[in-house]
Amino acid sequence: MAILRLPTPKDRDGPRRIPFAPFRTIGFLLVQFVVLALLLLGVLLVHTTQDLATLDAHTQYMSDLALASRDALQRWRSEGATAGAAALRQALEGIANDAYALDTRSNERLAHIQSLLDQSGGTHLREALTLLASLNLQEQARGRELLAAAGRDARYTLIGTAVALAAFVVFLVVTLVFFRLRILRPLERLQRAMMALEIGAFTRVVDGAADPGISPLLSYYNQMLGRLELLEKNRRQYLQDLQREVNNAAHTLIAQHAAMARSERLAAVGETAAALAHELRNPLAGLQVGCANLKREMTDPALAARLGLMEEELRRMSRLLDRPLRGARQSHELGQPVVMRETLEGLLKLLRYQVPDGVTLHLLPGPESICMLPLDQLRQAVLNLVLNAVQALAGQGG
């Protein structure tokens, strides 16, 4: 009998024992049914075995009588009545010692036949053989009755076995269905609820169809789930309050250190930019002087124009590098009159030598216009746009 220990508030001396009463009742009935079925089958088998043993012995008894009668007839025909009577007397003495006759009067008739054979000569041999044949017929009739009784017992045994097996199968199926509906299914629901609890889902178990033996278990699980749900709600509220306080404190700290961090970053960037500008000014100045010298020595006007564009770009880079050194990091370049078409044509001439063969640069015709723009920033923006477009068309052409 299965025992489940569950603590209750009313138990002061310890946990309360809840027996699984349906299991105990079903087990007790099953044991009784099996014992009764085995006893019935045992009785039928013993009775059938006894009938078969008696039938076997009686068959041997009938065979001995037939052999004795046949041997006596053969001796009578070959050696005479006296020899036949002697042979029959000897055979009947061995048969009389075996108590396998079914008819209660068979032993008396055998004794009468022996008394006839004990008389002088073989004058009563014919009468003895006639009586022996009559005795054999009576024993055969009793043997047929015994065989019919053994057949009935065998049929009863088979019927009883079939009924017992059918009843056992029905009982087993009913037990399994009960176990499935009242025990396993509620436990499966409990298992799914516990698996859902692992991921934070609070799912209660319905115990309406559960066995009374496990209903307390499901009820205590639901109560525990309610307490856990309340604790989880309080924990989440506490974490929200704590998170709110932490956020407020973090915002305060961020506000206090924002200006100082910004100043430190700007100072570091300014120092780095000044150092880079100082390192790049000398090479750029050398390149600018070299371009100017080559331009003066160049006789080809086209090459001289290209060198002029390169010199102008180097001069623009020098101006950009001078700003950090002058402490003008926060100032903006002032606007100046810019002839847009002339500026763009100069940039395209410089860029045509930096694009692949499959890409062609065109400047659409338009009216001459002069705008107030920061020249260096304008040239840098146009350069970036054109170079990005060239990179996007790489390998395709256009």
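The values are calculated or read from the model by the stated rules, or taken from the named source; none is laboratory data. Bear in mind that the values here come from a model prediction, so they are computed numbers and not experimental data. Ideal geometry is used to build each Cβ from the backbone, glycine not excepted, and the neighbour counts take in all protein chains shown.
Brief remarks follow.
- Applying the condition of being in a loop (DSSP other than H, G, I, E, B) and surrounded by 13 or more Cβ atoms within 10 Å (Cβ to Cβ) to region 62-100 and asking which residue is modelled with the lowest pLDDT yields Tyr100.
- Residue that is of a type in the set (Val, Ile, Thr), surrounded by 12 or more Cβ atoms within 10 Å (Cβ to Cβ) and farther than 30 Å from Glu93 by Cα, where the choices are Val173, Val169, Val163: Val163
- Filter pass, Val170 being under 30 Å from Ala37 (Cβ atoms) and modelled with pLDDT of 80 or more: yes
- Exclusive hit being basic (Lys, Arg), modelled with pLDDT under 75 and outside the structural domain of Arg352 (by the TED database), set Arg296, Arg235: Arg296
- Flag if Leu348 is assigned to a helix (DSSP H, G or I), surrounded by 10 or more Cβ atoms within 10 Å (Cβ to Cβ), at pLDDT 75 or above and among the aliphatic types (A, V, I, L, M): yes
- Taking (1) surrounded by fewer than 10 Cβ atoms within 10 Å (Cβ to Cβ); (2) free of Cβ contacts under 8 Å to residues at least 12 places away in the same chain; (3) not in a loop (DSSP other than H, G, I, E, B) in turn, Leu364 satisfies each apart from (3).
- First in region 132-160 and crowded, with 16+ Cβ neighbours inside 10 Å, second anywhere and small (Gly, Ala, Ser) and outside any helix (DSSP H, G or I), Cβ under 7 Å, 6 or more apart: Glu139/Ala101
- Considering region 47-81, the residues that are of a type in the set (Val, Ile, Thr) and more than 60 Å from the chain's Cα centre (by Cα) include one that is nearest to Asp153 (Cα to Cα), namely Thr54.
- Cβ-Cβ under 6 Å pairs, at least 6 apart or on other chains, region 61-82 side assigned by the TED database to the domain that holds Asp118 and touching a residue at least 12 places away in the same chain (Cβ under 8 Å), far side of a type in the set (Gly, Ala, Ser) and in a helix (DSSP H, G or I): Ala68/Ala91; Asp71/Ala87; Ala72/Gly84; Ala72/Ala87; Arg75/Ala83; Arg75/Gly84; Arg75/Ala87; Trp76/Gly84
- Checked against the criteria, Leu314 does not count as outside the structural domain of Leu351 (by the TED database), surrounded by fewer than 16 Cβ atoms within 10 Å (Cβ to Cβ) and either modelled with pLDDT of 70 or more or not in a helix (DSSP H, G or I) (or both).
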